[in-house]
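Chemist: I'd like to ask you about the structure that follows.
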Amino acid sequence: FSWVPSSPCSDPALLAALSGVRVEAQTQLTAAVGGDLVFQCSFGFSGTWKILCRQECQGDGILIQTREDSAQNGRYSVRYDRSSNSVLVHISGVTRSDSGLLLCGLAAQTSTYSVCMAQVSVTAGEPPSPAGPDWTLLDPTGPY
């Protein structure tokens, strides 16, 4: 199951043209070192495969790839909400290495799949609120 080209790509139009991936949303997010980053990405269809990647969705860039509704890999977790076709992403204990492009993807059994792209900046202080119409920053204390 192939997700995106092997080269990093932050231009959504180019990403879509190269790989057939639909870019649902793109945004800038800021997180504080040591804090939690929790965001939700909504999709226009229901899906089976969920994926969370850093920079590219191949090899070591894949943080989580699952058919389950929820999965965790170390500090990273995803949870799929079937009623809203959205994926909740949670990164605990944010570090400077979390800076950069994150891709959250959802795919159906067919070749239909989409990604949300987030450019994450990590700061030493309190993070500002995110921007973007399809993203919701959630309280990391829950409940989830």
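The values are calculated or read from the model by the stated rules, or taken from the named source; none is laboratory data. These figures come from a predicted structure and were not determined experimentally. Here the Cβ positions follow ideal geometry from the backbone for every residue, glycine too, while neighbour counts run over all protein chains shown.
Chemist: Mind listing whichever residues of segment 28-58 are under 14 Å from LEU103 (Cβ atoms), surrounded by fewer than 16 Cβ atoms within 10 Å (Cβ to Cβ) and at pLDDT 85 or above?
Modeler: Hits for segment 28-58: nothing passes.
Chemist: Can you tell me which residue within segment 14-27, out of those that are among the β-branched types (Val, Ile, Thr) and in a strand (DSSP E or B), is modelled with the highest pLDDT?
Modeler: Just the residues of segment 14-27 that are among the β-branched types (Val, Ile, Thr), to begin with: 21, 23, 27.
Next, only the ones that are in a strand (DSSP E or B) stay: 23, 27.
Numbers: VAL23: 64, THR27: 80.
Taking the candidates together, the pick is THR27.
Chemist: Anything in segment 118-134 that is modelled with pLDDT of 65 or more and under 17 Å from VAL38 (Cβ atoms)? List them, or say none.
Modeler: ALA118, GLN119, VAL120, SER121, VAL122, THR123
Chemist: Answer yes if at least one residue in segment 82-94 is hydrophobic (A, V, I, L, M, F, W, C), in a loop (DSSP other than H, G, I, E, B), within 14 Å of ALA118 (Cβ to Cβ) and at pLDDT 85 or above, and no otherwise.
Modeler: Of segment 82-94, the ones hydrophobic (A, V, I, L, M, F, W, C) are 87-89, 91, 94.
Restricting the remaining residues to those that are in a loop (DSSP other than H, G, I, E, B) gives 94.
Still in the list and also within 14 Å of ALA118 (Cβ to Cβ): 94.
If we keep only those that are at pLDDT 85 or above as well, we get 94.
Yes; the residues of segment 82-94 include at least one that is hydrophobic (A, V, I, L, M, F, W, C), in a loop (DSSP other than H, G, I, E, B), within 14 Å of ALA118 (Cβ to Cβ) and at pLDDT 85 or above.
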